[in-house]
Amino acid sequence: METSRTIARLTVLNHLFVSVFIHNFAIFMVNPAITDVTVSALCPGEDECSLAIYLSGFQQAVVGVGSFLVMPLMGNLSDKYGRKAFLTIPMAFTLMPFGILACGRSRNYFYTYYAFKTITAIFCEGTVHCLSLAYVADNVPSGSRVSAFGILSGIGSASSLCGNLSTRFLSTAVTFQVATAVGIVALVYMIIFLPDSAIDSSLLTPIMSQEKSTDSRDDEGTVDSANKHHSFKKVPSLNDTILFVKTSWVFLQLSMVAFFSTLADVGIHAAMLYFLKARFHFDKDQFADIMVITGIAGTISQLIVMPLVAPILGEARLLSIGLFFNCTHMLLYSIAWAPWVPYAAAMLSVFFVFTQPCLRTIVSKQVSSSEQGKAQGCMSGISSLAHVVSPLAFSPLTALFLSDRAPFYFPGFSIMCAGMVSMIAFIQSLMMRNALRVSDLKEF
């Protein structure tokens, strides 16, 4: 009986993995091309474009504010109404901006794309990944979640590899047309084959202390007011995220690690392509090459290395390892002295891809199976807050140090600052490991 249930769960996850792979394949196809499209539309014939950097930063800030408010709502509602319905929304609306650039890439088309992308990204940015994590948590026992989350992230890396590699051999116009068509295939496949996730209370294995996880009820069965402090409200709001952070010291540490690591990641992603274009005159093909290297290394790491080492080292130690190498690769980018250095730095993704699966696994273990959507949504909301702060800090730095107005010559200065922020997340993860050990002792 147990074997048949395990096989059924794996079959359900197979359909999820295929849906996520095809959807991410479409998204990653456009990533190497969008920088060239943006610069060509706003600053024709130039390699450095401050307007493009500022517009990208503004978009990230707006999307971050929206996602910070919307992501916990989506996760909360998916707990109540099912994961599949709320996976359909982002997978459908993500296609609209791609379709616009498939029709044309002039300045007018770009501004139309920019407006639609900003609006749809508020609901779509990170939502598929967030709900996919909750879906996996619904169907996998807590002891196996770090490997399952690693496989999900490995699927993302594999789709990144395939998407970026395909872009290498397609023209810019065809890239957006193919991405739109592939996105439609992902949506149709998910609707037809993916069954909705049934929450299984037998998967419950929270590691919070018993005093925090046990309901105190009076004779009429009413939850004691003190225990309400640790429960999520039925109607999600900004207070849910605040309550999530304040639930325990472990949650607070997790939130800080998520915030600073995302702050650094958004900072380097916003600056890296513009930096490489201005510093070494890279274009779509070189961007795709770097992303392919990152995808190959990340896929091997998450699908092969991580399932082997996670049971031995544990997710908390792997999280610290990932953050350390993430910081190292950012510092390498910032001081790149030759065109081959970014390619070498990309190889470090073998290690820094550990970060998100391990972080999400630790979060997953802190709550019951009926609150996975809320917990993952709140964590994504905290990460979205970093999407607001990061462009406000790093976009002006990037634009300044890539221009002729820089106070001193250091084109990668903003990337170095992102590396310092990642170091803060690394130090915080070391402190969090102590908090997790204390929590485990209390549980014991």
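The values are calculated or read from the model by the stated rules, or taken from the named source; none is laboratory data. Keep in mind that this is a model prediction, so the values were computed, not measured. Ideal geometry is used to build each Cβ from the backbone, glycine not excepted, and the neighbour counts take in all protein chains shown. Please note that ligands, DNA and RNA were not included when accessible areas were found on the heavy atoms of the full protein model with its side chains. Shrake-Rupley method; radii C 1.70, N 1.55, O 1.52, S 1.80 Å.
For segment 122-230, which helices (runs of 4 or more DSSP H) that fit wholly inside it have 1 or more residues that are open to solvent by less than 70 Å² (accessible area, probe 1.4 Å) and at pLDDT below 80?
The qualifying helices (runs of 4 or more DSSP H) are 145-167, 210-213, 225-228.
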A careful count of residues in segment 384-426 that are among the hydroxyl-bearing types (Ser, Thr, Tyr) and in contact with a Leu (Cβ under 8 Å, 6 or more places away or on another chain) gives 3
Given the conditions (1) assigned to a helix (DSSP H, G or I); (2) farther than 17 Å from residue 348 by Cβ, report the number of the one that residue 300 does not fulfil.
(2)
So which of 27, 53, 100, 119 ends up being open to solvent by 20 Å² or more (accessible area, probe 1.4 Å), closer than 26 Å to residue 388 by Cβ, in contact (Cβ under 8 Å) with a residue 24 or more places away in the chain and assigned to a helix (DSSP H, G or I)?
27
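Only residues that are hydrophobic (A, V, I, L, M, F, W, C) and under 14 Å from the mean Cα position of the chain (by Cα): list them for segment 124-152, please.
Across segment 124-152, the qualifying residues are 124, 128, 130, 131, 133, 134, 149, 152.
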Among 268, 304, which is surrounded by fewer than 22 Cβ atoms within 10 Å (Cβ to Cβ) and modelled with pLDDT under 90?
304
Residue 67 meets each of (1) open to solvent by 10 Å² or more (accessible area, probe 1.4 Å); (2) at pLDDT below 85; (3) more than 27 Å from residue 172 (Cβ to Cβ); (4) under 20 Å from the mean Cα position of the chain (by Cα) with one exception, condition (1)
